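The values are calculated or read from the model by the stated rules, or taken from the named source; none is laboratory data. Worth saying up front: this structure is predicted, and the values here are computed from it rather than measured. When we count neighbours, we look across all protein chains shown, and the Cβ atoms used for this are built from the backbone with ideal geometry, even at glycine. We work out accessible area using only protein heavy atoms, side chains counted, and drop any ligands, DNA or RNA first. Shrake-Rupley method; radii C 1.70, N 1.55, O 1.52, S 1.80 Å.
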Amino acid sequence: MARKTFNLPDPGEGLVEAEIIEWKVAVGDTVTVNQILVEIETAKSLVELPSPWAGTVAELLVEVGQTIAVGTPIVVVDDGTAAQPAADAPVPASAESAASTSSTAPAPASAQTAAKPEPTLVGYGAREGATTRRARKAQPTSASPAAKPVRSIVQESFDPELMAVEPEHPGRQAMWQRAEEAERTDPMRTAARAVVVHPGGRPKAKPPVRKYARDHGVDLMKVTPTGDGGHVTLADVDAFLSAPATTPAPATAPLPAAGPAAATAPAYPARPAQRSAQRPGERETRTPVKGVRKMMAQAMVGSAFTAPHVTEWVSVDVTATMELIERLKNDREFRTVRVTPLLILAKAICLALRRHPEINATFDDVAGEVVVKHYVNLGIAAATPRGLLVPNIKDADAMSLLELAEEIGRLVTTAREGRTQPADMAGGTFTITNVGVFGIDGGTPIINPGESAILAFGAIRRMPWVVTRADGSEAIEPRSVTTLALSFDHRHVDGELGSRFLADVAAVLHDPARGLVWG
């Protein structure tokens, strides 16, 4: 059979590595063309990789949690066709050491990889296939434990009799003693037993759960899953954290000493006494900076120390905007979309950028030029469990208010689900950061790299406001008021230009009818 190796493809946007988040298939599964094989996390988004071939999954070459470079082999698929002659596909010397101990086992992936690169385009080489799981092949026995396949070791350690007995059952302790005694004489069984909660050796959990576990210093390998399909849920992590720190020792006779190996008891996730010893109790927690957070940190440092930031503020009476939003919510055309103040602000920015295009520009330090963009790719900063993402709406200035509402809803939902693609975050020209949803009035936002300005949208509050009536008299009335803060690149945007732009945005929010005149 021909075995094809699928390498980690280049996600573009200058990204050179990715982390394996979750395998969607297992060894022995039958897959079809474009069926999702694995979910990866780049520095910008979560990406699902489809299979370019139909066949059977022969090997998974990378473990969950590993960060690998573009071009690294990650999975081998047996497409069911006849293998090429050895003369056409020479076997590297390193492949001999990776040969299976069974004479009937298929050759390793490296022995079948041809000199020419395999195509990785979605839909390439379409073949019919099924999505059913084929039966597992029986593992051959070996003369020595060292030669025994890891899968067999894990399966043997998953003792049905042992796991079927309730923890409180009197016979449970005797079985633990028998298991521990066996493990002291077989170190490979001890290593395999440590992953008894996750038989596949890879805990299943969604990105928000993984982040929550990392923030609290919890090893998901030690958490018992209760979610669908064996997934670890937030409730499982909380249960792990809230487990009692100590438990009474079982009333059993002490085990006989068995040399140095007896000094350290093996870790069993199903035993609270063993698990609690691994629960974090330190005063500090270290979380690796990678993925989206690493990219965000690098971008913000680069922007802050490259472009001289200037921030201007303005408080605006947006009562008329709030009244417009209520009318739009009852409009038949807008009933299928979410109408919020952010929508009106986005439209106001597009109108103001048309009047002041120099704000919608990039300062090219290398060429010594200011590049003015005659299109608006409007970025919407979204807080997600993975970090801050800034997807942008392409050609937002050419959209109607309804189209803008639909696109904002799509991008924000996709970002919060962690499904934003790198292309959606590339090419932005202006960004909105909505800090008002957190009850914050304003701030000094840092410009997104490659852009010249960013606007922070503060919370809308009811407060007393001096209102000038038609007859010229003044009165204090309760009004809806917000704060806008504009940060801009002072290398080419001076105070006058930034002030005029911010004043125009505020004018549209104060009186949305003004947008009809400028539109």
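Quick rundown of the values:
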read-out	value
Carbon and sulfur %, accessible surface of the range 279-369 computed with the full protein complex present, 1.4 Å	51
5 Å binning of all Cα-Cα separations within the range 1-65, expressed as whole percents from 0 upward	4, 16, 29, 25, 16, 8, 2, 0
Computed label-point distance, nm, for sites Q35 and A475 using a 7 Å Cα→Cβ extension	7.1
Neighbourhood charge, 13 Å Cβ-Cβ cut-off, centred on C350 and excluding it, Lys, Arg +1 and Asp, Glu -1	0
Residue-level accessible surface for Y375, protein heavy atoms, 1.4 Å, Å²	80
Cα centroid of the range 296-347 to Cα centroid of the range 395-447, whole Å	9
Label-reachable residues, the range 322-347, where backbone N falls under 12 Å from a point 7 Å from W465's Cα toward its Cβ	322-324
Accessible area of the range 351-447 divided out per residue, in Å², using a probe of 1.4 angstrom	44
Area accessible to solvent at T340, 1.4 Å probe radius, in Å²	30
Qualifying trypsin sites (Lys or Arg not before Pro) in the range 440-519, DSSP loop, other Cβ atoms within 10 Å at most 15	R469, R491
Residues V517 and D238, FRET efficiency given R0 of 45 Å [Cβ-Cβ distance, rounded to 0.05]	0.25
Radius of gyration, Dmax [the range 421-519; alpha carbons; angstrom]	16.4, 55
Cα-only radius of gyration and Dmax that characterise the range 389-453, units Å	12.6, 31
Largest to smallest accessible area among K373, K206 [probe 1.4 Å]	K206, K373
The range 411-519, accessible surface, carbon-and-sulfur percent (1.4 angstrom probe)	53
Rg over Rh, two decimals, the range 319-387 (C-alpha only, Kirkwood Rh)	1.13
Spin-label pair M322/E284, simplified geometry with 7 Å Cα→Cβ offset, distance in nm	4.7
